[in-house]
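Worksheet: one structure, shown below.
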Amino acid sequence: MRYRDLGRTGVRVSALGLGMMRLPLRDGSQGYTGIASGQVDVEASISLLRRATELGINYIDTAYNYLDGDSEKITGLALRDGYREKVILATKAPVWLYRSAEDFDRYLEEQMERLGTDYVDVYLLHGVNRAIWEKRVQRYHVLERMERARQSGKVRWIGFSFHDDLDAFRAVVDGYPHWDLCQIQLNYYDTKFQAGQKGLKYAYERGLGVSIMEPLRGGYLTRLPSNAREALASAPTKRSAAEWAFDFLWNQREVGTVLSGMGTIAQVEENAAYADRSAVGMLTQEEQCVYQTVCSRLAEHHTIPCTGCAYCMHCPQRVAIPYNFFAYNDYMTSGDLKHAQHYYDVQFKTFGAQAAACIGCKKCEDLCPQHIPISEWMPIIARLLGRGK
């Protein structure tokens with residue numbers, strides 16, 4: 001495994017980090033945030049994390065709300081028997097739930113109990129945006145609480161994960177002089193989205209370590225349309241679609257670790273092999289031009305930028321929002337309307353209701369990290385895929 005500096009922390013992290021949201025479920029699928037507790041295949045998840053550490057992956061990323069709280073509990077189980085000492089354990093504070101200054105300490109204590117540890121290596125304020133920064137972090141003096149937690153030894157390094165625009169990102173970075181790291185969404189197709197490429201460099205120049213989420217854009221960059229696949233196939237170097245996506249990030253000195261939510265040991269082993277070949281400056285100029293070609297071809301398909309995180313899966317009408325988006329994007333990338341309609345009619349309804357059930361309440365839009373106007377998309381999807389229903 002290759003290791004990289006994580007900002008000014010002085011710690012070396014594996015090029016590939018393990019995200020603990022998309023763990024294997026008992027029904028054979030992968031996890032997501034909105035599932036009910038009890039659906040994760042616990043033994044398979046423990047084996048997956050331990051295999052990852054055997055391959056040299058030392059950065060483990062979880063959060064309070066992942067898998068309805070089961071992610072932290074399972075992570076704690078997997079880190080027993082000496083595995084805790086082998087990893088840098090990161091989790092995230094559910095700052096959107098704070099209603100008082102005391103909530104910081106209350107949730108941190110609960111998370112450490114779930115994780116079976118008396119300290120957390122990396123503690124991030126989860127999903128910071130402009131509103132959370134002002135109405136939760138600043139209002140409840142959260143930064144002072146974080147600093148006290150660090151001084152007491154309950155937390156080693158502090159930071160934030162982020163979902164907003166570049167101006168908001170800069171304001172958060174500059175709003176506290178003692179950040180150790182941040183977590184941002186970045187991939188070769190979303191270089192100008194949210195913090196983006198400029199945010200990566202901004203944080204790095206100020207000494208922050210940077211962990212990357214959504215390197216495959218929720219798997220979309222491995223399910224490319226045919227014209228984009230052709231661009232990769234004609235490239236001078238042969239790589240899988242996933243390896244192309246990872247290498248774009250590992251090529252950059254500013255990137256600390258790249259997080260991947262892996263649901264099988266086979267995925268862990270495959271991605272770890274890619275990480276073993278990674279290096280800063282690994283891509284030639286000709287190879288970097290391949291990304292431009294792929295992006296121009298992807299832009300022709302006008303897909304919805306959903307990553308499948310399923311934060312929105314608490315719809316009062318039970319609309320299976322990410323699965324509706326998946327059906328729509330499947331049509332936009334493949335052009336096969338019948339296949340998309342079959343998926344819409346038959347396959348995904350076990351997860352919830354179709355787009356036509358949306359009443360436009362917009363509760364989901366407050367939860368969406370991608371800031372997708374979901375209530376505007378649902379009637380479009382219903383008209384396209386609903387066969388006139």
Boolean, Y119 is surrounded by 15 or more Cβ atoms within 10 Å (Cβ to Cβ), closer than 30 Å to T293 by Cβ and of a type in the set (S, T, Y): no
Within region 160-190, tally of residues that are open to solvent by less than 40 Å² (accessible area, probe 1.4 Å) and either without any contact (Cβ under 8 Å) to a residue 24 or more places away in the chain or not in a loop (DSSP other than H, G, I, E, B) (or both): 13
Qualifying positions in region 89-100 - small (G, A, S) and surrounded by fewer than 18 Cβ atoms within 10 Å (Cβ to Cβ): S100
Any hit, region 285-293, residues being free of Cβ contacts under 8 Å to residues at least 60 places away in the same chain and within 16 Å of A242 (Cβ to Cβ): yes
Every residue from region 268-283 that is among the polar types (S, T, N, Q) and touching a Ser or Thr at 6+ places or on another chain (Cβ under 8 Å): N271
Residue match in region 62-72 (condition: of a type in the set (G, A, S) and in contact with a Pro (Cβ under 9 Å, 6 or more places away or on another chain)): yes
Test: residue in region 14-27 that is free of Cβ contacts under 8 Å to residues at least 60 places away in the same chain and of a type in the set (S, T, N, Q): no
Matching residues, region 299-327, being in a helix (DSSP H, G or I), buried (at least 21 other Cβ atoms within 10 Å of the Cβ) and either in contact with a His (Cβ under 6 Å, 6 or more places away or on another chain) or in contact (Cβ under 8 Å) with a residue 24 or more places away in the chain (or both): I321, P322, Y323, N324, F325, A327
Hits in region 1-30 (condition: assigned to a loop (DSSP other than H, G, I, E, B), open to solvent by less than 20 Å² (accessible area, probe 1.4 Å) and of a type in the set (S, T, N, Q)): none
Selection within region 253-263 - at pLDDT 95 or above and either assigned to a strand (DSSP E or B) or surrounded by fewer than 22 Cβ atoms within 10 Å (Cβ to Cβ) (or both): R253, E254, T257, V258, L259, S260
Among (1) among the aliphatic types (A, V, I, L, M); (2) in a helix (DSSP H, G or I); (3) open to solvent by 10 Å² or more (accessible area, probe 1.4 Å), the one test that A36 misses: (2)
Identity of the residue in region 144-159, closer than 18 Å to G209 by Cα and either among the hydroxyl-bearing types (S, T, Y) or part of a helix (DSSP H, G or I) (or both), that ends up least open to solvent (accessible area, probe 1.4 Å): M146
Close pairs from region 194-208: first touching a residue at least 24 places away in the same chain (Cβ under 8 Å) and at positive phi, partner part of a helix (DSSP H, G or I) and of a type in the set (D, E, K, R), Cβ under 9 Å, at least 6 apart: G207/R8
Filter result for K86 (open to solvent by 20 Å² or more (accessible area, probe 1.4 Å) and within 25 Å of V258 (Cβ to Cβ)): yes
Flag if Q111 is crowded, with 19+ Cβ neighbours inside 10 Å, at pLDDT 95 or above, of a type outside the set (F, W, Y) and assigned to a helix (DSSP H, G or I): yes
Scan of region 194-252 for residues that are open to solvent by 10 Å² or more (accessible area, probe 1.4 Å), in a loop (DSSP other than H, G, I, E, B) and among the aliphatic types (A, V, I, L, M), ordered by number: L216
Lone qualifier among I46, I60, I74 - being more than 20 Å from N129 (Cα to Cα) and in a strand (DSSP E or B): I60
Residue satisfying all of: in region 357-380; among the hydrophobic types (A, V, I, L, M, F, W, C) and exposed (fewer than 15 other Cβ atoms within 10 Å of the Cβ); nearest to I304 (Cα to Cα) among these: I380
Within region 170-196, tally of residues that are closer than 17 Å to L259 by Cβ and of a type in the set (D, E, K, R): 2
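The values are calculated or read from the model by the stated rules, or taken from the named source; none is laboratory data. What you see is a predicted model; the values in this text were computed from it and never measured. All Cβ positions, glycine included, derive from the backbone under ideal geometry; neighbour counts span all protein chains shown. Only protein heavy atoms, including side chains, enter the accessible area calculation; ligands, DNA and RNA are left aside. Shrake-Rupley method; radii C 1.70, N 1.55, O 1.52, S 1.80 Å.
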